[in-house]
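Structure first, commentary second.
The values are calculated or read from the model by the stated rules, or taken from the named source; none is laboratory data. Since the structure is predicted, the reported quantities are computational estimates derived from the model, not experimental observations. When we count neighbours, we look across all protein chains shown, and the Cβ atoms used for this are built from the backbone with ideal geometry, even at glycine.
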Amino acid sequence: MTQRIAVETLTLSEVSDLFQKSIDIAFPKFKNAIVYHEKKIRKAKIKNHKWVKTYEEFKGAKLNFYCQILSEVPSPIVSIGMTHRTSKGLILVTVDTSNGGIPPNSFHNNTVWQKWVRIYTGHYCERFAERIMKSETKTFEIGSEGIMFSDKQGPVRITDSIADGVEEIEFQFKDGQAYGYRDYNSKIVYLKTVYSNDMLKGERLIFKEDWKDTLDQLQELFKWSQ
């Protein structure tokens, strides 16, 4: 891609498309850099290490590679996210490996990514830093990094039908619940805000309790990504 794009004017679908094209451009260039850094860390006998590599190609957008080395995992864990500036502030765009979320009372095949993208508002990232990470620094940067190094898995519950293919949803993970929308037409999950478990009441608390054992199992299964 040779042209720089003023991404502030893009729709969410166009942002999703830009994100996926950016991955295609940047990942081959960064793959060797990640491997080189991994070798240096392992040579220094450091067992656990996190770092972020950045790649800027477009005005207003920055692709970040969130890399982690753990002693029990043979190769680096790499999550890819893009920060994107809109007229309402920054958003975080990521790969949605759950392909729209795990339906309640269903099995989930996590082996093939079906081009789903998850978008977090700036407000979500700030509340994630405050409510989930319990950070004294409640910024977009702190929250987005926490999101990318956690890679949560969990069920999605539909709370309302907004339009054809568009649903209001609640997403349950071990440490809390996220709230937003899911668009099947564009393959986008858009999350507005998040509550920690100690903030949940009523049906939201019941939803959490119903999934407690399953979420504990998912946390154990994906503990390498914490």
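Restricting attention to the stretch 29-88, the residues that are exposed (fewer than 11 other Cβ atoms within 10 Å of the Cβ) and among the aromatic types (Phe, Trp, Tyr) add up to 1.
Tell me, please, whether a residue that is crowded, with 17+ Cβ neighbours inside 10 Å, of a type outside the set (Gly, Ala, Ser), out of contact with any strand residue (DSSP E or B) (no Cβ under 6 Å at 6 or more places or on another chain) and over 23 Å from residue 51 (Cβ atoms) can be found in the stretch 130-144. Yes, because at least one residue in the stretch 130-144 is crowded, with 17+ Cβ neighbours inside 10 Å, of a type outside the set (Gly, Ala, Ser), out of contact with any strand residue (DSSP E or B) (no Cβ under 6 Å at 6 or more places or on another chain) and over 23 Å from residue 51 (Cβ atoms).
If the condition is being touching a residue at least 24 places away in the same chain (Cβ under 8 Å) and more than 17 Å from the chain's Cα centre (by Cα), then the stretch 13-34 contributes 25, 26, 27, 29, 30, 34. When the stretch 119-167 is filtered for residues that are aliphatic (A, V, I, L, M), in contact with a Gly (Cβ under 8 Å, 6 or more places away or on another chain) and without any contact (Cβ under 8 Å) to a residue 24 or more places away in the chain, the ones remaining, listed by number, are 129, 133. Give the residue that is modelled with the lowest pLDDT, with candidates limited to residues of the stretch 168-211 that are assigned to a helix (DSSP H, G or I) and surrounded by 12 or more Cβ atoms within 10 Å (Cβ to Cβ). Once the filter is applied, the top-ranked residue is 210.
When 135, 144, 161, 150 are checked against the criterion of being over 26 Å from residue 69 (Cα atoms) and not charged (D, E, K, R), a single residue qualifies: 161.
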